[in-house]
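These notes concern the structure reproduced below.
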Amino acid sequence: MYQVYPRSFADGNGDGDGDLPGLRAHLPYLADLGVDGLWISPWFPSPLADGGYDVSDFCDIHPMFGTLADADAVLSEAHALGLRVIIDLVPNHTSDQHPWFLAALAAGPGSPERQRYFFRDGRGRDGAEPPNNWISAFGGSAWSRVTEPDGRPGQWYLHLFAPEQPDLDWSHPPVLDAFDDVLRFWFDRGVDGLRIDAAPAMAKKLGLPDADYGGVPEFRTVDWDDNPHWDVEEVHDIFRRWRAIADTYDGDRAFVAEAVVSTPERLAKYLRPDEMHTAFNFPYLKSPWDARALREVIDATLASFEPIGVPSTWVLTSHDEIRPVTRYGRATTSSFFITDGEGEESDLALGTRRARAAALLMLALPGGAYIYQGEELGLPNVDDLPDDVLQDPMFHRSGGALRGRDGCRVPIPWSGTSPPFGFSPPGVHPWLPQPESWAPLTVEAESSDPESTLSLYRAALRLRRSVDGLAGAPLGWRESPEGVLDFERANALRCVVNLGAPPVDLGGSDVLLSSLPLVDGRLPVDGAAWIRPTGPDPATAG
Ligand code: NOJ
C-alpha cells in the first residue's frame, strides 16, 4: 500500500498545494510503481490545524483538494488501474470548527449539543483548574477552557491532541449513529477500506479519573496498560459495530487500525474476526537498525498474527515519522512520532544505503507493506525548514523544542532541476519549500537511473508479484553470523541483510536484486540481497 499525503503529492491546479486532480494525474505512476493500492491521508474539509487530522465535515472534500466529483474520479480511475483505495477516518475527534462543536459552544452547559464531546466543569476555585490531569499527545494539558455564550469563563473540553481537535464522546449514542452514516457514505462511493486514526483513543474510562503518569507526564501509549484515556476495553464495541456494517458490502472492505498499544496481545484484540482486518506494525516501524532487534520484532509480529490468521504488516515511515534516509544516518536509528533522534546530525549517504536495504528487508517479509510517498525516491527529511513555514502543532505546542513533522511532508519532486520540481507549475511556491538538493531525487531523474532508489523499489515490487510461490509463503530463518539477517520464504525467495558484519559471502548464489553492488560475490555492510533459493527450505526442513 502506498500512502498519499494529498497536500504534498501533486498540485493539479497550480496553487502550491497538492490536490485530487494532481493525484489523479499520477495514478498511472503508482500503478507502474507496482503497489496494490493507496491509503489517502485525510482529504476532508479542515482548517488544517493538524494537517487535516482535524475534520470539519466527514462527508465532503476539502476545497483545496477539489470536490466529491474529483474523489469519485480518483476512486474509479484507481480501480480501473487495479489499485484499491483506503481513506483515513479520524473519528476520535473533530475540528473545533465542525458544526457540532460550534453548536456545543453556542448551546452552553448541560445541553445535548455538549454531550457529543467531553465538556466538564473545572476543579478548584471558580472551576479554574482542568477537570483532571490528562495530558495531550502534543504536550500540555488535554483540556481547554471555553468562554460561555454569556461571556463568562466556563466549562472545559477534552482534546487528547491539539485544542483544535476536541474529542468526541463515543459512549453517546448519537455519535455512533452519525458515524454509521459516515461509513456508509464512503463505502457507497466505493472506497475499499478505512484507516482508523488513533483507534485506541476512542473510549475513555468512565468518570474520567486522573491518570497515574508516575511522576513524568508523558503520553505513553506503548508501555502503559492501565491508561484511563487509551486502549480502554469499551473501544472494541465500536469496531464490532463497524465491522457489521462493512460486512454488509460486496467486495473486501477493510479496516486498518492505527493502534499504538502496549503489547501484541492487546493489538490482537483489535483484529478479532468481528473487529478490524489489519493494523499498522508500530513496533517494526520503531525498531532501530540492528539485526537482533529487527529479528525479535519480526518474530514477535509473526507469532502474534499467524495464530489469529491476520496478515502481518510492515512499515518504515509515514507522515508522522522521520524519513528513513535521515533516520538511518543518525546515531539513533529508531523512530517514534518524529521525536527519536530529534536534532541529531545525519550521514545521508549512510542513511541512504541502509534505507535501501531496509526496503528490501521489509518487502521480503510475509504480509502487507506500507510505503510513504517519497520513500521510494529515498527523500531525506527536510530538517532546516525555516520556523515561519512550520505548521505542525507539535512545533508550536512544544514551544519550538520539537521541530515537528513538516520535514517529512515536503512536496514530492517530480521532474526538472529546480523547485518546484514539477510538483506545481514553474514559478509557483509549494506550501513547504523543497530543497535545491533534491534535483537528483525527482521521479524523472530516478526513472532514468537503473541504480536509483526508485528503480530498486520498482524492481522489488515487480519481483514480489512475479516470484512463483512467494505470496503467503512462510518465513524460515537460516543460520547467519552476528549482525546478519538471513531468511527464506519457502522455496521462493531468500533475503540476506548485512547490518554490521564483514562482507557476507553469498557463495555464487543467483542474486535477483541487491541494494548495493556486491564486491567479489560478497554483500557489503548495510546492503541487502534477494536471492533465488536452492536447497531445502529451512522452514519445512525444520
Ligand atoms: C495520528 C495521525 O497519523 C497524526 O498525523 C495525527 O496528528 C494524530 N493521529 C491525531 O489525529
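The values are calculated or read from the model by the stated rules, or taken from the named source; none is laboratory data. Given the structure is predicted, the values throughout are model-derived calculations rather than measurements. These area figures cover heavy atoms from the full protein model, side chains too; ligands, DNA and RNA do not enter into them. Shrake-Rupley method; radii C 1.70, N 1.55, O 1.52, S 1.80 Å.
For the residues Asp54, Asp387, a 1.4 Å probe over the protein chains yields an accessible-area ranking, largest first, of Asp387, Asp54.
Angle between the Cα long axis of helix 348-364 and the longest principal axis of the chain, 0 to 90 degrees, nearest 10? Its long axis makes an angle of about 90 degrees. The length gained on full extension between Asp299 and Phe336, counted as 0.36 nm times the residue separation minus their Cα-Cα distance, comes to 11.3 nm. Comparing Cα centroids, the stretch 29-66 and the stretch 120-198 end up 21 angstrom apart.
Rolled with a 1.4 Å probe across the full set of protein chains, the surface gives Ser455 an accessible area near 20 Å².
Using bins of 20 Å that start at zero, the share of Cα-Cα pairs per bin across the chain amounts to 21, 55, 22, 2, 0, in whole %.
Heavy-atom accessible surface of the stretch 123-213, averaged per residue, reaches 38 Å², computed with a 1.4 Å probe. Taken per residue, the accessible surface of the stretch 315-390 reaches 28 Å², heavy atoms only and a 1.4 Å probe. With respect to the chain, whose longest principal axis is taken over its alpha-carbon atoms, helix 291-305 is tilted by about 60°. Quick one: check the C-alpha center-to-center distance for the stretch 411-445 versus the stretch 207-263, whole angstrom. The stretch 411-445 and the stretch 207-263 have Cα centres spaced 39 Å from each other. Bridging of Lys205 to aspartates and glutamates at a Cα separation below 12 Å is possible for Asp169, Asp226, Asp231, Glu233, Glu234, once same-chain residues fewer than 8 apart are set aside. Using the Cα coordinates of the stretch 99-158, the gyration tensor eigenvalues translate into equivalent-ellipsoid semi-axes of 19, 14, 9 Å, sorted from longest to shortest.
In the chain, helical runs assigned H by DSSP with n ≥ 4 each contribute -39500 (n - 2.57); averaged across all residues and rounded to the nearest 500, the mean residue ellipticity at 222 nm is -7500 deg cm²/dmol.
Contact order for the chain, expressed relative to its length and based on alpha carbon pairs under 8 Å spaced 6+ residues apart, stands at 11 percent.
Normalised per residue, the accessible area of the stretch 399-443 is 38 Å², obtained with a 1.4 Å probe and no contribution from ligands, DNA or RNA. Rounded to the nearest 10 degrees, the inclination of helix 453-466 to the longest alpha-carbon principal axis of the chain is 80 degrees. Within the assembled protein chains, the solvent-accessible surface assigned to Cys59 is about 40 Å², based on a 1.4 Å probe. Split the accessible area of the chain by element, probe 1.4 Å, and carbon with sulfur accounts for 53%.
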